[in-house]
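The values are calculated or read from the model by the stated rules, or taken from the named source; none is laboratory data. Bear in mind the structure is a predicted one, so any value in this text is a computation, not a measurement. Positions of Cβ are backbone-derived with ideal geometry, glycine not excepted, and every protein chain shown enters the neighbour counts. Accessible surface is based on the protein model in full, side chains and every heavy atom, while ligands, DNA and RNA are left aside. Shrake-Rupley method; radii C 1.70, N 1.55, O 1.52, S 1.80 Å.
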Amino acid sequence: MKKVRAGSVLAVGLGLGLGLAYTFPPSTRRPSTIVHLFEWRWSDVAQECERYLAPGGFDGVQISPPTENIVVTSPPRPWWERYQPVSYDLCSRSGTEQELRDMICRCNNVGVKIYADVVINHMCSAGAAAGSRSTCGSYFNAGAGEFPSVPYSACHFNDDKCFTRSGNIESYQDIHQVRNCRLVGLRDLAHDQEHVRGRVAGYMNKLLDMGVAGFRVDASKHMWPEDLKAIYSRLHNLNTTWFPEGSRPFIYQEVIDLGGEPIKGSEYFGLGLVTEFKYGAKLGSVIRKLGGQKLSDLKSWGEDCGLMPSEKALAFIDNHDNQRGHGAGGDAIITFWEPRMYQMAVAFMLAHPYGRARVMSSYRWDRRLVKGKDENDWMGPPSLPDGSTKPVSIRSDGSCGDGWVCEHRWPPIRNMVVFRGVTAGEPLCNWWDNGGSQIAFGRGGRGFIVINNDDCLLDVSLQTGLPGGTYCDIISGQREGGGCSGKRVVVDDDGKAHFTIHPSDLLPIMAIHTDAKLPK
Ligand code: AAO
């Protein structure tokens with residue numbers, strides 16, 4: 001096995017000439033968080049692994065679907081065309097198979113894993129016009145169910161098992177419709193068939209052999225768990241160039257379960273992790289104070305307040321769907337468009353031990369809200385006039401330009417990713433709240449966070465559980481060499497420290513951890 005973690009000082013070297021404004025100090029962190037680099041080109045992902053994600057202690061990247069898809073022209077090239085595959089050839093708006101291979105290799109070489117978003121429930125829309133183009137030029141005829149590059153033909157789809165008038169899912173209360181009918185008109189594959197299982201597993205195995213470490217399985221709710229089990233059982237182990245012999249793929253399945261439907265996320269627990277959509281919806285409603293909710297209500301955050309078991313949960317604040325009104329979660333969801341609340345939500349998620357955390361990295365689009373609905377929810381990534389995706393440009397201060405938002409590079413978020421790594425495996429302790437929306441908690445003597453979402457001053461001495469010394473607040477700044485560019489927090493030898501957070505502070509949060517302790 002190759003030595004995979006490149007060391008936290010790597011950024012210093014790689015940063016030269018790349019306009020990097022920040023280098024990560026050496027750290028005792030464990031790689032923890034997944035970042036979804038939504039719609040990034042493979043060559044940009046590769047660079048980001050080397051220059052930022054490895055030194056920043058990120059565990060891995062969720063990439064956009066790598067397969068060939070239909071080219072949608074109306075609306076012009078929406079982001080969602082990538083959720084309509086026409087073959088399992090590996091070329092897309094993000095790049096060619098060679099570029100994908102190069103990215104996986106370079107990210108693995110610096111210890112950053114790649115998780116591929118795989119669209120295996122369906123192929124493209126049944127209503128796609130004859131003669132529609134595809135990203136690599138493969139011929140297909142969706143109406144006739146012909147996808148010769150896989151190959152699939154009409155008999156490989158579920159049409160004979162769906163009994164709705166439209167052939168689409170018409171009610172989420174009927175599990176047979178949800179799993180045998182077409183999701184928004186997309187041709188629904190029959191995974192009970194040997195041929196289909198073989199082709200899907202073959203596609204996933206190709207990615208595993210190339211070095212991916214796992215998958216986000218799109219629309220898992222729309223596939224029968226026993227079919228997924230049969231497919232997963234055929235998957236190869238991870239590539240031993242980078243991973244220990246016998247390592248199995250890490251799988252998280254997209255199942256939207258907000259309650260109220262017969263299909264439960266728990267049906268998929270035996271197969272892997274499951275996306276916990278209640279996380280962002282509930283936390284968003286607490287931070288927005290909907291129905292009089294307060295941060296102190298989060299004392300029982302986790303299974304006790306209705307979330308799935310922590311070890312089964314993929315936790316996230318928003319995803320590529322619900323940040324633009326698709327999928328589930330509704331108006332409670334907080335996104336980068338509301339940066340103050342968003343950073344509060346992400347900081348809480350990264351400080352709290354619940355689940356496996358994923359942070360979103362988005363692009364900006366021309367949002368056009370008409371009666372609460374975004375008419376431009378379809379808009380694809382920043383593009384050049386020829387339709388190709390713009391490279392991600394990095395400004396001298398480390399932020400992204402050209403329409404790329406890069407939430408994962410926002411200093412408080414990047415520093416909280418380090419916090420999560422430093423505190424990994426430590427239990428939640430020393431909870432404090434004021435009965436309202438001022439809260440604080442620690443992580444087993446390695447980290448401590450304080451949040452003030454009330455309209456009044458927070459001015460209190462708290463038990464942090466940390467060793468005595470002076471720490472640098474990683475929200476208002478960070479440790480830089482022996483100094484601190486933000487607020488300083490003095491922890492007494494008995495573990496107590498005083499915190500003051502004004503409700504008008506840029507971000508009403510303070511966080512410290514043992515790697516942000518300043519030298520005496
Ligand atoms: C596009 C066009 C369609 C067109 C289609 C075919 O937009 O008009 O018919 O092409 O030509 C993405 C886009 C789609 C796009 C599709 C294909 O979001 O707009 O369709 O690509 O290009 C369900 C699924 C879930 C899915 C989600 C969007 O269960 O798997 O819909 N997410 C994934 C991906 C997503 C992708 C696909 C799947 C398809 O992340 O990007 O679609 O590959 C209920 C159900 C949910 C259901 C939602 C959606 O949710 O529970 O399972 O999600 O409805 O309608 C409250 C409830 C909550 C409820 C929600 C919405 O919050 O509590 O349960 O309201 O009613």
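Annotations for the structure displayed:
- Scanning the range 482-512 for residues that are open to solvent by less than 40 Å² (accessible area, probe 1.4 Å) and touching a Leu at 6+ places or on another chain (Cβ under 8 Å) yields a count of 9.
Okay, residues lined up against (1) assigned to a helix (DSSP H, G or I); (2) surrounded by fewer than 21 Cβ atoms within 10 Å (Cβ to Cβ):
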residue: F163; (1), (2): no, yes
residue: Y172; (1), (2): no, yes
residue: R179; (1), (2): yes, no
residue: D192; (1), (2): no, yes
residue: R197; (1), (2): yes, yes
residue: N205; (1), (2): yes, yes
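- Hey, Y172 within 16 Å of the ligand (Cβ to nearest atom) and within 22 Å of the chain's Cα centre (by Cα) or not: no
- Within the range 87-143, being out of contact with any Gly (no Cβ under 7 Å at 6 or more places or on another chain), more than 21 Å from V61 (Cα to Cα) and within 13 Å of the ligand (Cβ to nearest atom) holds for N121, H122, M123, C124, A128, A129, S132, A142, G143.
- Residue count for the range 278-311, restricted to those that are within 16 Å of the ligand (Cβ to nearest atom), of a type in the set (A, V, I, L, M, F, W, C) and part of a helix (DSSP H, G or I): 3
- Only residues that are without any contact (Cβ under 8 Å) to a residue 40 or more places away in the chain and part of a loop (DSSP other than H, G, I, E, B) were counted across the range 136-150, and they come to 5.
- Residue among D515, D494 that alone is among the charged types (D, E, K, R) and under 26 Å from P339 (Cβ atoms): D515
- Identity of the residue in the range 75-132, within 30 Å of I169 (Cα to Cα) and of a type in the set (K, R), that ends up surrounded by the fewest Cβ atoms within 10 Å (Cβ to Cβ): R77
- Qualifying residue in the range 340-349 (condition: under 30 Å from P309 (Cα atoms), within 16 Å of the ligand (Cβ to nearest atom) and surrounded by 21 or more Cβ atoms within 10 Å (Cβ to Cβ)): no
- Scanning the range 176-210 for residues that are within 16 Å of the ligand (Cβ to nearest atom) and more than 27 Å from the chain's Cα centre (by Cα) returns H176, Q177, N180, C181.
- Of all residues in the range 151-161, exactly one satisfies the criterion of being within 32 Å of the chain's Cα centre (by Cα) and in a helix (DSSP H, G or I), namely H156.
- The set of residues in the range 59-74 being open to solvent by less than 30 Å² (accessible area, probe 1.4 Å) and either farther than 14 Å from R41 by Cβ or not in a loop (DSSP other than H, G, I, E, B) (or both) consists of D59, G60, V61, Q62, I63, T67, E68, N69, I70, V71, V72.
- Within the range 240-262, being within 16 Å of the ligand (Cβ to nearest atom) and either more than 23 Å from the chain's Cα centre (by Cα) or of a type in the set (A, V, I, L, M) (or both) holds for I251, V255, I256, L258, G260, E261, P262.
- Residues in the range 329-339 that are within 12 Å of the ligand (Cβ to nearest atom) and surrounded by fewer than 16 Cβ atoms within 10 Å (Cβ to Cβ) were compared, and the one that is farthest from Y252 (Cα to Cα) is D331.
- Every residue from the range 355-397 that is of a type in the set (F, W, Y) and either on the phi > 0 side of the Ramachandran plot or in contact with a strand residue (DSSP E or B) (Cβ under 6 Å, 6 or more places away or on another chain) (or both): Y363
- Contacts under 8 angstrom Cβ, first residue in the range 113-134 being farther than 27 Å from R358 by Cα, partner more than 10 Å from the ligand (Cβ to nearest atom) and among the aliphatic types (A, V, I, L, M), 6 or more apart: C124/V86; S132/V71; R133/V71; S134/V71; S134/V86
Residue-by-condition table, conditions (1) over 26 Å from K113 (Cβ atoms); (2) within 16 Å of the ligand (Cβ to nearest atom):
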| position | (1), (2) |
| --- | --- |
| L238 | no, no |
| K264 | yes, yes |
| G272 | no, yes |
| E276 | no, yes |
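- Any hit, the range 372-387, residues being among the hydroxyl-bearing types (S, T, Y), open to solvent by less than 30 Å² (accessible area, probe 1.4 Å) and under 21 Å from D321 (Cα atoms): no
- Residue ID - farthest from R288 (Cα to Cα), chosen from residues in the range 350-371 that are open to solvent by less than 30 Å² (accessible area, probe 1.4 Å) and not in a loop (DSSP other than H, G, I, E, B): Y363
- Taken over the range 381-397, the residue count meeting the criterion of being in contact (Cβ under 8 Å) with a residue 40 or more places away in the chain, part of a loop (DSSP other than H, G, I, E, B) and under 13 Å from P76 (Cα atoms) is 3.
- Filtering W337, W378 for residues that are over 30 Å from P503 (Cα atoms), part of a loop (DSSP other than H, G, I, E, B) and of a type in the set (A, V, I, L, M, F, W, C) leaves a single hit, W378.
- Residues that are within 29 Å of C107 (Cβ to Cβ), assigned to a loop (DSSP other than H, G, I, E, B) and open to solvent by 30 Å² or more (accessible area, probe 1.4 Å) within the range 242-269 comprise P244, E245, G246, R248, I256, F269, listed in sequence order.
- Residue satisfying condition, being more than 22 Å from P225 (Cβ to Cβ), surrounded by 21 or more Cβ atoms within 10 Å (Cβ to Cβ) and not small (G, A, S), within set R288, R324: R324
- Failed item in (1) under 33 Å from the mean Cα position of the chain (by Cα); (2) surrounded by 16 or more Cβ atoms within 10 Å (Cβ to Cβ); (3) under 21 Å from N415 (Cα atoms), with L458 passing the rest: (3)
- Residues of the range 211-236 classified as in a loop (DSSP other than H, G, I, E, B), in contact (Cβ under 8 Å) with a residue 60 or more places away in the chain and within 16 Å of the ligand (Cβ to nearest atom), total: 3
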